Every structure is written in structure tokens, then in C-alpha cells.
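Structure, as C-alpha cells:
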Amino acid sequence: MNQDELKRQAAIKAVEFVPENEYIGIGTGSTVNHFIRALGESGKTVKGAVSTSRQSSELMAQYGIPEIHPNEVSSLPVYIDGADEINHLLQMIKGGGGAHLSEKIVANLAQKFICIADESKYVSRLGKFPLPVEVVPMARSMASRELVKLGGRPELRIGFKTLNGNEIVDVHGLDLSRPMEMETRLNGILGVVENGLFAHRPADVLLLAGKDGVKMLT
Ligand code: 5RP
């Protein structure tokens, strides 16, 4: 089974966790695209979903899943999303698709964050994947100098703008052995809007697909 098929297996499993006739949260990425398709084809009915990107909204529309704005809900029973890396505490690096700000907002509205991933995403230590950091364009150089002081090597994601008109720097080489501390510290840099560490709000459930099937880790 290739990586994409494993992503699809995890996504199909996640449909079982979707409560009917409720609003849910939907993340962004290729694994989530499989989830949207699987939900659409499952015959399960949700009241609607909060989306985290244009890409997810468009696919939701194709499958007749109504979209609701995050300001219209105070809580969501579940949020389904992928990850770029995830550790045994279910802390994650996210933002490979540049949507980590909206993903963190919707994840924090959710009672249960269900992460769907293929086994290559499960790591003993976070940080091989460069950490996406969303920055206000006029502060990009200033914020990058601060990221260098923290031991990182920031690289501008060329030609990319976030939903909010900001830029992303992908930071290599940061020491993420204390993910909660680093998440807070990075967000304290002037000009940083949000970073892709999900340590304060980890996942609650990981559906991890490997060649022996989909394992559930909590
Ligand atoms: C987008 C994300 C995605 O969840 C992450 O990049 C994983 O993507 P994929 O499912 O395509 O491997 O955080 O901002």
C-alpha cells in the first residue's frame, strides 16, 4: 500500500467518529481530502462543517456538506485533521499546507481532535519537518532574525500567501524537545501570527494507518 492509500484508510476510519446531525470541524490537506470524500460517500448526514481552507470548502461543496462560519458555533464535538508530524503525546507539527492558523482556531473549538495520518507521520521526536510560522509581511525579516536567535533557519515559502494575506516562513533546525515552551515562545515574537506547533492543543485521538491496518492511539 502506498502512502496515499494509507492516508485514505485513516480517513475512512475517521468517518465512524462523526456524530450525525451535528456541526463538525474539517482541517486541510490530502488526508483530509480523502476524509471529505469518504464522509460524502458514506451516507452519514452532518448539519454542516467549519472549514479551515478554501480547498476544503470547495471539496465540501462538491459533496453537499454545508459550511458554517466558526463565529456561528461555540463548540464542535469533533475536529478531523491531518498532521505533518505527530509524537506519542499526540503533539503535532502542522501547517504544511499553510492553514495552521485556522486549523488551530477550529481545533480549539473542538471537544475532540481526531488526527488522521499514515505511519510515516508518527515520530519519536518532533522537528525533522520544518516548522511553519505565519508572519505579517512587513515584519517578516524582523521576525526571521528572532527565529535565527532561537537556533532556527527560516526559509520564506516563495509565492505563498495565507488565507489572511500573511506569509509563511518554514523554520529548520529548531530544538523542539519542549514543544509547549517553544510554541509559546514563538508566538511571543513581534510579527508572528501563529506557529504550526500543536502542543498546547494536541490531538485527542490518532488514527494511524500502516500496512497492518488502522491503529487508534489516545
Ligand atoms: C495543513 C496541514 C495538514 O494537515 C498537513 O500538512 C498534512 O497534510 P497531508 O494530509 O497532505 O499530508 O497541517 O496546514
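Laboratory data are not the source of any read-out in this text; all were calculated from the coordinates shown. In this text the structure is predicted, and so the values were computed from the model without any measurement. Cβ atoms come from the backbone with ideal geometry, glycine included; neighbour counts cover every protein chain shown.
Some observations on this one:
- Residue among 31, 131, 144 farthest towards the positive dipole end of the chain, charges placed on Cβ: 144
- Contact order, relative form, for the chain: 23 percent (alpha carbon pairs under 8 Å, 6 or more residues apart, mean separation divided by residue count).
- Only lysine pairs 8 or more places apart or on separate chains count here, and in the stretch 45-192 those with Cα atoms under 24 Å apart total 15.
- Among 196-202, 170-176, the peptide with the highest mean count of other Cβ atoms within 10 Å heads the list, and the full ranking is 196-202, 170-176.
- Sorted from greatest to least, the principal axis extents spanned by the alpha carbons of the stretch 71-127 come out as 37, 21, 16 Å.
- DSSP-assigned coil residues among trypsin sites (Lys or Arg not before Pro) in the stretch 82-162, each with at most 15 further Cβ atoms within 10 Å: 125, 128, 161
- Förster radius 45 Å - calculated FRET efficiency between residue 163 and residue 212 (Cβ-Cβ, nearest 0.05): 0.75
- Spatial separation of Cα centroids for the stretch 1-69 and the stretch 149-170, in angstrom: 27
- Here the spin labels are modelled as points 7 Å beyond Cα on the Cα-Cβ line, and at residue 16 and residue 155 they lie 3.9 nm apart.
- Summing Cβ point charges (Lys, Arg +1; Asp, Glu -1) relative to the Cα centre of the chain gives a dipole of roughly 360 debye.
- Computed from the Kirkwood radius of its Cα pairs, the Stokes-Einstein diffusion coefficient for the chain at 4 °C and 1.567 mPa s stands at 75 µm²/s.
- Gain on full extension, evaluated as 0.36 nm per residue between residue 71 and residue 4 minus their Cα-Cα distance, stands at 20.8 nm.
- Prolate/oblate/rounded label for the stretch 99-175 (Cα gyration tensor, a/c 1.5): oblate
- Exposed GluC sites (Glu not before Pro) absent: longest stretch of the chain, with sites in DSSP loops and at most 15 other Cβ within 10 Å deemed exposed: 23-218
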